[in-house]
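Here it is: the structure, laid out below.
Any read-out appearing in this document is the output of simple, stated calculations on the displayed coordinates, not a laboratory observation. Since this is a predicted model, take the numbers as computed values, not measurements. Methodologically, a virtual Cβ is constructed for each residue, glycine included, from the backbone with ideal geometry; neighbour enumeration extends over all protein chains shown.
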Amino acid sequence: MLLDAAIPADRVMLLLMGMCGLRISEAVALEWRDVNLSAGVLTVVKGKGGKKARVVVPPQVVTELSALGTTSGLVLGWKDPVTLRRRLKALCERTGVRYVGREVHGLRHTAGTLMYARTKNLRAVAQHLRHSQLDTAAIYAQMDDSEVRGAFEGVSL
C-alpha cells in the first residue's frame, strides 16, 4: 500500500529500509558511489558502531534504484533523518497506514521478517541485518508459532 502511493524517491527509501534493512542513518548517508547495481550490492560505509558492511540488494530494489536515474551524490537526495521521518509519516497519512508503532525503524523489522519468512533461517536474518547475535535477529524476524505446531503434526509418542 505504501509503495503504490509513493513517488520514486520515497519508494527507494521504503525499500532500502524495508527490504535491505538499512538503519535510518545508513539510508540517508548512502551515496551512489557505494551502490553497485550490476552486482546487486551496496556498501554501508558507516554502520552501527562505525562498521563498514556489504548489503545484498534484492532485484526489486535494484530496479527502483535504476529508475531514479541519478548516479552521483546521495541516493535519497537528503541527509537529514528528520526529513526521512517526515516523508514516511506523510506517506502513512496519505495512505491511511498507521504510523505509530511502525515508524522508521519498523521498516527494518519488516526486512527481518521478510528474510525469515523466505529462508526460515535466523543466520540469514542476522547476516542481512548485520546483527552479531541470533537473539537480536529473532526479535526482528517476528517468527510465528505455526512452524513449531506444524512440526508435530502426525507425530505420536
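Taking the stretch 99-143, which residues are acidic (Asp, Glu) and under 22 Å from Pro81 (Cα atoms)?
Listed by number, the list holds a single entry, Glu103.
Among the residues of the stretch 28-55, which ones are surrounded by fewer than 19 Cβ atoms within 10 Å (Cβ to Cβ), within 22 Å of Ala6 (Cβ to Cβ) and touching a helix residue (DSSP H, G or I) at 6+ places or on another chain (Cβ under 7 Å)?
Those that are surrounded by fewer than 19 Cβ atoms within 10 Å (Cβ to Cβ), within 22 Å of Ala6 (Cβ to Cβ) and touching a helix residue (DSSP H, G or I) at 6+ places or on another chain (Cβ under 7 Å): Leu37, Gly40.
Which of the residues spanning the stretch 91-123 are within 15 Å of the chain's Cα centre (by Cα), surrounded by fewer than 18 Cβ atoms within 10 Å (Cβ to Cβ) and part of a loop (DSSP other than H, G, I, E, B)?
Result: Arg102, Glu103.
Restricting the search to the stretch 133-157, which residues are polar (S, T, N, Q) and surrounded by 11 or more Cβ atoms within 10 Å (Cβ to Cβ)?
Thr136, Gln142
Report the residue count in the stretch 22-70 for those that are over 18 Å from Ala126 (Cβ atoms), touching a residue at least 24 places away in the same chain (Cβ under 8 Å) and in a strand (DSSP E or B).
Number satisfying all stated conditions: 2.
May I ask you to list the residues in the stretch 71-90 that are more than 18 Å from Arg108 (Cα to Cα) and in a helix (DSSP H, G or I)?
Hit for the stretch 71-90 is Ala90, nothing else.
Right, next: Using the structure shown, decide if Val155 is in a loop (DSSP other than H, G, I, E, B) and either over 29 Å from Glu31 (Cβ atoms) or aromatic (Phe, Trp, Tyr) (or both).
yes
All but one of (1) free of Cβ contacts under 8 Å to residues at least 24 places away in the same chain; (2) not in a helix (DSSP H, G or I) hold for Met143, so report the exception by its number.
(1)
Can I ask one more? Could you tell me which residue of the stretch 124-138 is farthest from Cys20 (Cα to Cα), considering only residues that are in a helix (DSSP H, G or I) and without any contact (Cβ under 8 Å) to a residue 12 or more places away in the chain?
Asp135
Gly73 passes all but one of (1) more than 15 Å from the chain's Cα centre (by Cα); (2) on the phi < 0 side of the Ramachandran plot; which number fails?
Among (1) more than 15 Å from the chain's Cα centre (by Cα); (2) on the phi < 0 side of the Ramachandran plot, the lone unmet condition for Gly73 is (2).
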